[in-house]
Protein chains: 2
Amino acid sequence: VSMMRRDRLLLAATFTAIFSADLYFILLPKLRRMGQGSRQFCSCGPSNISLPGQGGLATPHLSNWTYVPPLGALTTDSTGSKLGRLFAHPLYNIQTPALGPEEKLLLVEQLMEYYRKKMSRWERHMKLYMEAAAVSNISVTEHEVTFDPDASWLKFHLGINRYALYSRDDPAVPQLLEDMQGMAVVSADYTQDEKALKGVCDCTQVVKPSGHHLKLALKMHNFAKAMFKPMRQQRDEETPEDVFYFVDLQRHNAEIAAFHLDRVLDFRRVPPVTGRLVNVTGEILQVTHNEDLRAVFFTSPANNTCFFAKCLYVCKTEYAVCGNPNLLEGSLSAYLPGLSIAPRISIPNPWIRSYTFTGREEWEVNPFYCDTIKKLYPYNSGNRLLNIIDMSIFDFLTGNMDRHHYEIFTKFGDEGFILHLDNARGFGKHSHDEMSILAPLSQCCMIKSSTLVRLQLLARPEFRLSDVMRESLKEDPLRPILTEPHLLALDRRLQKVLRVVQRCIRRQGRDEVVTKDFAKSTGKPQTATEMKQTR
Amino acid sequence: VSMMRRDRLLLAATFTAIFSADLYFILLPKLRRMGQGSRQFCSCGPSNISLPGQGGLATPHLSNWTYVPPLGALTTDSTGSKLGRLFAHPLYNIQTPALGPEEKLLLVEQLMEYYRKKMSRWERHMKLYMEAAAVSNISVTEHEVTFDPDASWLKFHLGINRYALYSRDDPAVPQLLEDMQGMAVVSADYTQDEKALKGVCDCTQVVKPSGHHLKLALKMHNFAKAMFKPMRQQRDEETPEDVFYFVDLQRHNAEIAAFHLDRVLDFRRVPPVTGRLVNVTGEILQVTHNEDLRAVFFTSPANNTCFFAKCLYVCKTEYAVCGNPNLLEGSLSAYLPGLSIAPRISIPNPWIRSYTFTGREEWEVNPFYCDTIKKLYPYNSGNRLLNIIDMSIFDFLTGNMDRHHYEIFTKFGDEGFILHLDNARGFGKHSHDEMSILAPLSQCCMIKSSTLVRLQLLARPEFRLSDVMRESLKEDPLRPILTEPHLLALDRRLQKVLRVVQRCIRRQGRDEVVTKDFAKSTGKPQTATEMKQTR
């Protein structure tokens, strides 16, 4: 039965995709030519193939090919919410096929077992620690921990599948955001990468070890874990133009905005992120069991509680972050499942930059670089290269030049999606569009059809990217997350992405450039094979 | 004859001082009481003992004791220049006694010999260096050097005496400023303190070695030498409140403003400083003979030429300074004579701060700290303690908390004046007045009469400190040097200094607090002894 249902879904998805492509590239231009100068066209009334009646035709942003296929009624949201209308749009309601067990990242039993083990280890540790602390006269706040099999973080982890980190309507995601905003923090510690440094600061490297970024792992009372990145920069400060991308500060608001952007683009490859005012005394200093972390706390001349990254304590005193006097803004990113139950691999980005002052990578000097990459495994088949291109579009929109590696879950193999982790170096300059970030798109001249049509949708006034982002970011407790210039830069950059695609199509033809991908099944139904990447 | 003349001058100065003190503290209040409500008083006409006719009485800033003794015609400047009127004021025209050879820092022959030696050493070095550079394919711009016995820097050095670094009307000072602004730079190098580090960066110290400040020594074609401190911060940026004073940036504009303030206060203990747009390529990179310095140059992402402090190259890439694309603002401070011909000693400030996060020095916790200091050599006699108090007033006005040591010329012994070197950490916050900087004044309750009357003069609307500073700073090529809030902070802080003095006088009486000092001779004429510090 499940197989039957899945096939039906695939069939529907296929039909939708083919129809949309036809409508989009063949019917629409014809209809447009017919209707030129005629306004009746806009009054056709809602029907499955009607043209958008809300200005889509009247105010085109690019040339005619930027129109989005209207798949069904334009809106099911009457509250005036553009974001609501966007998420109600048929393009955002294409069903993923039903998932086989191999297509989910985790099994319920496996995760529960993992959780229970963590829990009992914590309790043993806590008992010993509190005894030791009492002897050493260290005051540590002891918080109750609770085993909650319905915890939102568990549901988030269980929802991860080979298509995305979460499904569009998963109620666990808003619940997890809420939990991260409000739950009691029971412990704070350095992250694993910082511990790997073991306090050694390798200053011979131009690229700073991650320890320079002051990120911390916070554990909530139900064992939800989140990575905390403190505020380092005011919303209206721009990265100075002389700063290299690899020494730029990490921005907590960029981390938050990237989660929202990724969701608005329907990628769902960024783990949930929320802002939170963290009490650095009560929620870090008093709950950490790490002596090293406790040692970097101090009181500033303005009587605020501050802390350094360990490695910086000795060299860079001006690099502290401070509460006011205790509260400090930061981003909390939900942790992915532990590497022991959900291993990931980190792969160098083929379009990696030179992390030196003068070096240049091959892609920067060789215009035919993509031809080489296309021949190399794993970029010579499947979706990997298209996923890299998606990522480059995402990074171009945020202005993040620091994508040296990407991660995938090993379980899903080469067909798995790419995680968009670590986005805090985006949104540094609103006034500059770094076109080199788009190199994968402009050099390979390929894009997923599903990505393109959504970008086109977001270029339309009724879904304008800046508007839906503004609306989406209003949900965050630290709002406003982005300044207006950063929001408006998104629209400008989106136009530039579409222009690059347009240039590719002009040169190489639509079929070469736009890859049909609506049903991304690994199953082998007849209908799927003809839809998969056609290159 | 010279002795005779000197005695006459001393006599005149003494008379002036005694008269001014009497007028100030005794006559003036009486006259004021007599004249209360009567405007005739202001029409007495110009005479040596007339009261100021320009609002001095009408708009007192503090209570009656803030009036300044009007020593002669109020103004000789009719151009509307407050600064001109200030420098024409009798208080700014008290003659220093004629100087014996022991009261001058250098002898002409000695300095000329030194200059000639330096010159021939340079020529030998240059010859060898150009040969070596040719072999190693290093392109170095070779500039002509000229021996100029009339060079302004020589005149400045020859003018240094035991009273001050320069006399009020020394034409060498404006000439030296002009020379530093325009002369060709023939070489650039690290300063001696940075060389002393030998590239070793002692990051275990919380206090950063001076190498962190990117200062360089520039040599002009006539062998004038200046210390270059590049711009690190915009004029309108304020030091964040959580930053400790000892990790604050150095500000080139603070260095410039401090020279002007010191001159306006008539201390003349800061060597001449001017702003200059330096071409980092042509005037540093291409003229340096130091490989290490050449190695820290790089081109930024915005295609500007930048350089790091050597020590930072490995750790703190965001700490570079950049030209635009080559021109970079900075301060140029005239070098004092070399230590080999004019040795100085560096003495810890008794009111030194704890250069740690939590430490406190005794003066911060012990209100009777000054009683201890007054008993200790060299603070138990002579002017040293009064000089320290002068310096604390100067530092309070600029907001400089980083006065850990002070320097004096050994030649002048304990009676020599204190140099006010290294003022770049002033003017960090205009909105905050750091009262602890005034601790020497508020704890010792002593002030030189000469200092007090000038402060009172500068509190009056017709000489208002912010106005004369604004006017004085207009002469600098990098104008505006200080933002309006910083200028206005000077007035506010001046009032606070005067209020501290007032409180001391109320508690201990005028004679205990205000030390008559107008003639600061070390000679032994009868008239001088009774004027020296009376405590």
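Here is a check on your reading of the model: is residue A:264 touching a residue at least 40 places away in the same chain (Cβ under 8 Å), away from chain B (no Cβ under 14 Å), surrounded by fewer than 24 Cβ atoms within 10 Å (Cβ to Cβ) and of a type in the set (Val, Ile, Thr)? Show your work before the answer.
Details: touching a residue at least 40 places away in the same chain (Cβ under 8 Å): yes; away from chain B (no Cβ under 14 Å): yes; surrounded by fewer than 24 Cβ atoms within 10 Å (Cβ to Cβ): yes; of a type in the set (Val, Ile, Thr): yes.
Here the answer is yes, as residue A:264 does meet what is asked.
Does segment A:459-475 include one or more residues that are in a loop (DSSP other than H, G, I, E, B), open to solvent by 10 Å² or more (accessible area, probe 1.4 Å) and closer than 28 Å to residue A:240 by Cα?
For segment A:459-475, residues in a loop (DSSP other than H, G, I, E, B), open to solvent by 10 Å² or more (accessible area, probe 1.4 Å) and closer than 28 Å to residue A:240 by Cα: present.
Does any residue in segment A:311-340 that is at pLDDT 95 or above come within less than 8 Å, Cβ to Cβ, of a residue that is acidic (Asp, Glu) six or more places away or on a different chain, and which pairs are these?
From segment A:311-340, the pairs are A:331/A:255; A:333/A:255.
Does segment A:193-205 include one or more residues that are modelled with pLDDT of 90 or more, open to solvent by 20 Å² or more (accessible area, probe 1.4 Å), more than 14 Å from every other protein chain (Cβ to nearest Cβ) and touching a Ser or Thr at 6+ places or on another chain (Cβ under 7 Å)? Explain how you work it out, then say what you get.
Here is the first cut: in segment A:193-205, the residues modelled with pLDDT of 90 or more are none.
No - not one qualifying residue is present in segment A:193-205.
For segment A:267-281, which positions are hydroxyl-bearing (Ser, Thr, Tyr) and surrounded by fewer than 20 Cβ atoms within 10 Å (Cβ to Cβ)?
From segment A:267-281, those hydroxyl-bearing (Ser, Thr, Tyr) are A:274, A:281; that's our starting set.
Passing the criteria: only A:281.
Which of the residues that make up segment B:350-391 are within 16 Å of residue B:513 (Cα to Cα) and either of a type in the set (Gly, Ala, Ser) or not assigned by the TED database to the domain that holds residue B:445 (or both)?
B:381, B:382
A quick yes/no check of all residues on (1) of a type outside the set (Ser, Thr, Tyr); (2) touching a His at 6+ places or on another chain (Cβ under 9 Å); (3) loosely packed, with under 12 Cβ neighbours inside 10 Å:
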| residue | (1), (2), (3) |
| --- | --- |
| B:87 | yes, no, no |
| B:90 | yes, no, no |
| B:104 | yes, no, no |
| B:118 | yes, no, no |
| B:139 | no, no, yes |
| B:145 | yes, yes, no |
| B:152 | no, no, no |
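Applying the selection to segment B:380-430, what residues are touching a helix residue (DSSP H, G or I) at 6+ places or on another chain (Cβ under 9 Å), of a type in the set (A, V, I, L, M, F, W, C), under 23 Å from residue B:483 (Cα atoms) and open to solvent by 10 Å² or more (accessible area, probe 1.4 Å)?
Listed by number, the list holds a single entry, B:401.
I need the strands (runs of 3 or more DSSP E) fully contained in segment A:268-311, keeping only those with at least 1 residues that are more than 14 Å from chain B (Cβ to nearest Cβ) and out of contact with any Pro (no Cβ under 6 Å at 6 or more places or on another chain).
Working: elements: A:273-279, A:297-299, A:305-307.
Filter on segment A:268-311 gives A:273-279.
For the subset of segment B:233-250 comprising residues that are open to solvent by 50 Å² or more (accessible area, probe 1.4 Å) and more than 8 Å from every other protein chain (Cβ to nearest Cβ), which member is farthest from the chain's Cα centre (by Cα)? Outline the logic, then answer.
Going residue by residue through segment B:233-250, those that are open to solvent by 50 Å² or more (accessible area, probe 1.4 Å) are B:234, B:236-238, B:240-241.
Then keep just the ones that are more than 8 Å from every other protein chain (Cβ to nearest Cβ); that gives B:234, B:236-238, B:240.
Working: B:234: 22, B:236: 22, B:237: 23, B:238: 22, B:240: 25 Å.
Here the answer is B:240.
Can residue B:355 be described as assigned to a loop (DSSP other than H, G, I, E, B), in contact (Cβ under 8 Å) with a residue 60 or more places away in the chain and either surrounded by 14 or more Cβ atoms within 10 Å (Cβ to Cβ) or within 14 Å of chain A (Cβ to nearest Cβ) (or both)? Steps first, please.
Working: assigned to a loop (DSSP other than H, G, I, E, B): yes; in contact (Cβ under 8 Å) with a residue 60 or more places away in the chain: yes; either surrounded by 14 or more Cβ atoms within 10 Å (Cβ to Cβ) or within 14 Å of chain A (Cβ to nearest Cβ) (or both): yes.
Here the answer is yes, as residue B:355 does meet what is asked.
Working only within segment A:327-352, note down all residues that are within 26 Å of the chain's Cα centre (by Cα) and not in a loop (DSSP other than H, G, I, E, B). Reasoning before the result, please.
At the first step, the residues of segment A:327-352 found to be within 26 Å of the chain's Cα centre (by Cα) are A:328-352.
A:328, A:329, A:330, A:331, A:332, A:333, A:334, A:344, A:345, A:346, A:347, A:348 - these are the residues of segment A:327-352 that are within 26 Å of the chain's Cα centre (by Cα) and not in a loop (DSSP other than H, G, I, E, B).
With the requirement that a residue be assigned to a helix (DSSP H, G or I) and over 16 Å from residue B:363 (Cβ atoms), what does segment B:394-440 give you? First the steps, then the outcome.
Step one: of segment B:394-440, the residues assigned to a helix (DSSP H, G or I) are B:394-398, B:410-415, B:435-440.
Across segment B:394-440, the qualifying residues are B:394, B:397, B:398, B:410, B:411, B:412, B:413, B:414, B:415.
Quickly run through segment A:120-132 and pick out the residues that are in contact (Cβ under 8 Å) with a residue 12 or more places away in the chain and open to solvent by less than 70 Å² (accessible area, probe 1.4 Å).
A:122, A:126, A:129, A:130
Name every residue in segment A:154-174 that is of a type outside the set (Val, Ile, Thr) and either open to solvent by 60 Å² or more (accessible area, probe 1.4 Å) or part of a loop (DSSP other than H, G, I, E, B) (or both), in order of residue number.
Once the filter is applied, which keeps residues that are of a type outside the set (Val, Ile, Thr) and either open to solvent by 60 Å² or more (accessible area, probe 1.4 Å) or part of a loop (DSSP other than H, G, I, E, B) (or both), segment A:154-174 yields A:155, A:162, A:163, A:164, A:165, A:166, A:167, A:168, A:169, A:170, A:171, A:174.
How many of the residues making up segment A:476-511 are in contact with a Lys or Arg (Cβ under 8 Å, 6 or more places away or on another chain) and either open to solvent by 20 Å² or more (accessible area, probe 1.4 Å) or more than 19 Å from residue A:431 (Cα to Cα) (or both)?
Counting residues in segment A:476-511 that are in contact with a Lys or Arg (Cβ under 8 Å, 6 or more places away or on another chain) and either open to solvent by 20 Å² or more (accessible area, probe 1.4 Å) or more than 19 Å from residue A:431 (Cα to Cα) (or both) gives 5.
Could you grab me the full set of residues in segment A:362-371 that are open to solvent by 60 Å² or more (accessible area, probe 1.4 Å), closer than 19 Å to residue A:405 by Cα and more than 14 Å from chain B (Cβ to nearest Cβ)?
Within segment A:362-371, the subset open to solvent by 60 Å² or more (accessible area, probe 1.4 Å) is A:362, A:364-365, A:367-368, A:371.
Next, only the ones that are closer than 19 Å to residue A:405 by Cα stay: A:362, A:364.
Selection gives A:362 alone.
The values are calculated or read from the model by the stated rules, or taken from the named source; none is laboratory data. From a predicted model like this one, the values you see are computed outputs, not experimental measurements. Here Cβ is always computed from backbone atoms with ideal geometry, including for glycine, and neighbour counts include all displayed protein chains. With ligands, DNA and RNA removed, areas are computed over all heavy atoms of the protein, side chains included. Shrake-Rupley method; radii C 1.70, N 1.55, O 1.52, S 1.80 Å.
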